[in-house]
Amino acid sequence: MRLLPLICLLACLPPVLAAENPGKGKATAFVAPATKLPPMVKRLGEPGAKGGLDYLVYLPADYEQDKAKRWPLVVFLHGAGERGTDVQLVRKTGLTQTLERRGTTPYVMIAPQCPAGGWWDTAALDKLLDQTLADYRVDQRRVVLTGLSMGGFGTWKWGAEHPERFAALVPICGGGKPETVASLKGMPIWGFHGDADNAVKLGMGQTMVDAAKKAGADVKFTIYPGVGHNSWDKAYGEPELEGWILGKKK
């Protein structure tokens, strides 16, 4: 009988998600954060199929109240550390974490998970965006793409390949091939980088920004003095960023 209270207590504990501890090579517990903004988990394609993606969907609290309203859409691409087969890891950092801590979102947001060991596949992302536009009431003129680190590279790449799909880009501590951004003429871009970033050097971001400006993009570039690779906490915490995103329309 004494075991009953303990069993009840264990049943009430939140689920934990296995995450690798690179320092000791042992599995550690990642506890899914308590949130007023729980995401839906969805999948594009069959499990294990090439081009398949698990992804999170965040909806505004009043999404169902006005059936005629079409919402802005933000696509968030995570960094290399959140790749894998457990989509809940995408909630650990970046814009997903920012929205969950706040508990509200003024736009629909999707956050796909890149498969383990992979890179952002823009063909798969195109299919995901098509599916999202079909599934949710979003304004196709107000789709904004953002990402951090590997996702910053993905933002530059996908945005340059299909600029017609996006109203604005927000690449954070990313880089890419400057010769690809000629297509971004007129594109609003707000980039962010830390000048002490040793993972993706500031020069990599600066090169992309300079090339985009030369191509005629409408570019802002915020550099954080003394900040290392994690410039995304500051970037997604910028008081003016959300209004900037919401104000963009093709």
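The values are calculated or read from the model by the stated rules, or taken from the named source; none is laboratory data. What you see is a predicted model, and the numbers here were worked out from it, not measured in a lab. With ideal geometry, Cβ positions are generated from the backbone for all residues, glycine too; neighbour counts draw on all protein chains shown.
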Inset, instruction - Name every residue in region 181-211 that is out of contact with any Lys or Arg (no Cβ under 8 Å at 6 or more places or on another chain) and aliphatic (A, V, I, L, M), in order of residue number. - result: V181, A182, L184, M187, A196, A199, V200, L202, M204, M208, V209, A211
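Does any residue of region 230-239 turn out to be acidic (D, E), out of contact with any helix residue (DSSP H, G or I) (no Cβ under 7 Å at 6 or more places or on another chain) and outside any helix (DSSP H, G or I)?
Kept after step one, since they are acidic (D, E), are these residues of region 230-239: 233, 238.
Checking which are out of contact with any helix residue (DSSP H, G or I) (no Cβ under 7 Å at 6 or more places or on another chain) leaves us with 233, 238.
Applying the additional criterion that residues be outside any helix (DSSP H, G or I) yields 238.
Yes; the residues of region 230-239 include at least one that is acidic (D, E), out of contact with any helix residue (DSSP H, G or I) (no Cβ under 7 Å at 6 or more places or on another chain) and outside any helix (DSSP H, G or I).
Could you tell me which of the residues G203, G154 is modelled with pLDDT of 95 or more, part of a helix (DSSP H, G or I) and under 18 Å from I110 (Cβ atoms)?
G154
What strands (runs of 3 or more DSSP E) completely inside region 1-108 contain at least 2 residues that are modelled with pLDDT of 95 or more and touching a strand residue (DSSP E or B) at 6+ places or on another chain (Cβ under 8 Å)? Full working, then the answer.
Details: elements: 16-21, 26-31, 40-44, 53-58, 71-77.
Because the criterion is at least 2 residues that are modelled with pLDDT of 95 or more and touching a strand residue (DSSP E or B) at 6+ places or on another chain (Cβ under 8 Å), the strands (runs of 3 or more DSSP E) in region 1-108 that meet it are 53-58, 71-77.
Surrounded by 16 or more Cβ atoms within 10 Å (Cβ to Cβ), acidic (D, E) and either modelled with pLDDT under 95 or within 18 Å of W244 (Cβ to Cβ) (or both): is that true of D139 in this structure? First the steps, then the outcome.
Working: surrounded by 16 or more Cβ atoms within 10 Å (Cβ to Cβ): yes; acidic (D, E): yes; either modelled with pLDDT under 95 or within 18 Å of W244 (Cβ to Cβ) (or both): yes.
Yes; evaluated as a whole, the condition is true for this residue.
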Legend entry - Failed criterion for L133 (all others in (1) in a helix (DSSP H, G or I); (2) at positive phi hold): (2)
Inset, instruction - Determine whether G191 is in contact (Cβ under 8 Å) with a residue 12 or more places away in the chain, in contact with a Pro (Cβ under 6 Å, 6 or more places away or on another chain), assigned to a strand (DSSP E or B) and of a type outside the set (D, E, K, R). - result: yes
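For every residue, the table says whether it meets (1) surrounded by 20 or more Cβ atoms within 10 Å (Cβ to Cβ); (2) more than 18 Å from T146 (Cα to Cα); (3) under 19 Å from the mean Cα position of the chain (by Cα).
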position	(1), (2), (3)
E179	no, yes, no
A182	no, yes, no
W190	yes, no, yes
A199	no, yes, yes
D210	no, yes, no
A215	no, yes, no
G237	no, no, yes
W244	no, no, yes
Legend entry - Residue that is free of Cβ contacts under 8 Å to residues at least 40 places away in the same chain and either in a helix (DSSP H, G or I) or under 26 Å from D233 (Cα atoms) (or both), where the choices are L145, L169: L169
